[in-house]
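Comments concern the structure below.
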């Protein structure tokens, strides 16, 4: 039994029932919410994953996701009838970790759920390991990364990053001067075999990370795009 707790947020009761049945057969603990407000009231640190419908009345999934990300970093799987690249871009840029388009198969749902929870648990375990205080920070010019608290500061002002954005920054920061291809990034962070189709997803996360760091591709203060090869963070001179 895994006993991982999943919050399903969807205004369609039939979809909630169907998802709950699938997940409970795999021993997941399921919590339901019919709208964004109810979801916010039910979220706590015991939730391991949120399945969040995009198209809901009043407070939609994107708005709900933004509010969740102010306090929590558990993975969010968007569920939607929309499947255009732009829709996926919006969902990922607002803090989502993955996207599942309707209609979907039972096996695809379970695979994505399992993958997201596994990656999140691996990430948490690494972050919870105690380390000496003097080794708790990584500095990149005016950026300070607090490895223990998983927080990033620029000029002592905290920058709010999604789980994936933080992982990308940490990976590059811990291996300064090493060039990571998209394949390297995907396999190191997602812990899955690389496929060319995921390139757009990776680049969206990098683009959003750079935007939050105010690190345009032209100035490249922090994350360097090595043309035709990949990305790296250079040692400070």
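Does residue 115 count as in contact with a strand residue (DSSP E or B) (Cβ under 9 Å, 6 or more places away or on another chain) and surrounded by fewer than 21 Cβ atoms within 10 Å (Cβ to Cβ)?
yes
Residue-wise test of (1) modelled with pLDDT of 90 or more; (2) under 19 Å from residue 115 (Cα atoms); (3) touching a strand residue (DSSP E or B) at 6+ places or on another chain (Cβ under 6 Å); (4) in the same structural domain as residue 89 (by the TED database).
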residue	(1), (2), (3), (4)
186	yes, yes, no, no
195	no, yes, no, no
208	yes, no, no, no
221	no, no, no, no
228	no, no, no, no
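Among (1) more than 19 Å from the chain's Cα centre (by Cα); (2) closer than 27 Å to residue 70 by Cα; (3) surrounded by 13 or more Cβ atoms within 10 Å (Cβ to Cβ), where does residue 179 come up short?
Unmet condition: (2).
Within segment 175-184, count every residue that is in contact with a strand residue (DSSP E or B) (Cβ under 7 Å, 6 or more places away or on another chain) and in a helix (DSSP H, G or I).
Of the residues in segment 175-184, 2 are in contact with a strand residue (DSSP E or B) (Cβ under 7 Å, 6 or more places away or on another chain) and in a helix (DSSP H, G or I).
Does segment 87-94 contain at least one residue that is touching a strand residue (DSSP E or B) at 6+ places or on another chain (Cβ under 6 Å) and either over 18 Å from residue 162 (Cβ atoms) or not assigned by the TED database to the domain that holds residue 161 (or both)?
Checking segment 87-94: at least one residue is touching a strand residue (DSSP E or B) at 6+ places or on another chain (Cβ under 6 Å) and either over 18 Å from residue 162 (Cβ atoms) or not assigned by the TED database to the domain that holds residue 161 (or both).
Name the single residue, out of those in segment 144-162 being in contact with a helix residue (DSSP H, G or I) (Cβ under 8 Å, 6 or more places away or on another chain) and at pLDDT below 90, that is farthest from residue 225 (Cα to Cα).
Selected residue: 148.
Looking at (1) assigned to a loop (DSSP other than H, G, I, E, B); (2) under 22 Å from residue 93 (Cβ atoms); (3) more than 21 Å from the chain's Cα centre (by Cα), which one does residue 215 not meet, given that it meets all the others?
(3)
Would you tally the residues in segment 150-165 being crowded, with 21+ Cβ neighbours inside 10 Å and either assigned by the TED database to the domain that holds residue 95 or in contact with a strand residue (DSSP E or B) (Cβ under 7 Å, 6 or more places away or on another chain) (or both)?
Residues in segment 150-165 being crowded, with 21+ Cβ neighbours inside 10 Å and either assigned by the TED database to the domain that holds residue 95 or in contact with a strand residue (DSSP E or B) (Cβ under 7 Å, 6 or more places away or on another chain) (or both): 2 in total.
Would you pick out the residues in segment 149-174 that are within 17 Å of residue 136 (Cβ to Cβ) and part of a helix (DSSP H, G or I)?
Result: 166, 169, 170, 173, 174.
Considering segment 87-108 alone, what residues qualify as being in contact (Cβ under 8 Å) with a residue 12 or more places away in the chain and either part of a strand (DSSP E or B) or within 18 Å of residue 193 (Cα to Cα) (or both)?
97, 98, 99, 100, 101 - these are the residues of segment 87-108 that are in contact (Cβ under 8 Å) with a residue 12 or more places away in the chain and either part of a strand (DSSP E or B) or within 18 Å of residue 193 (Cα to Cα) (or both).
Taking segment 105-131, which residues are at pLDDT below 65 and closer than 20 Å to residue 18 by Cβ?
Those that are at pLDDT below 65 and closer than 20 Å to residue 18 by Cβ: none in segment 105-131.
What helices (runs of 4 or more DSSP H) completely inside segment 1-86 contain at least 1 residues that are in the same structural domain as residue 112 (by the TED database), surrounded by 12 or more Cβ atoms within 10 Å (Cβ to Cβ) and within 16 Å of the chain's Cα centre (by Cα)?
Helices (runs of 4 or more DSSP H) meeting the threshold: 61-68.
Got a sec? Which of 204, 226 is in contact with a helix residue (DSSP H, G or I) (Cβ under 6 Å, 6 or more places away or on another chain) and surrounded by fewer than 19 Cβ atoms within 10 Å (Cβ to Cβ)?
Exactly one residue qualifies, and that residue is 204.
The values are calculated or read from the model by the stated rules, or taken from the named source; none is laboratory data. Keep in mind that what you see is a predicted model, and the values were worked out from it rather than measured. FYI the Cβ positions are ideal-geometry reconstructions off the backbone, even for glycines, and counts take in every protein chain you see.
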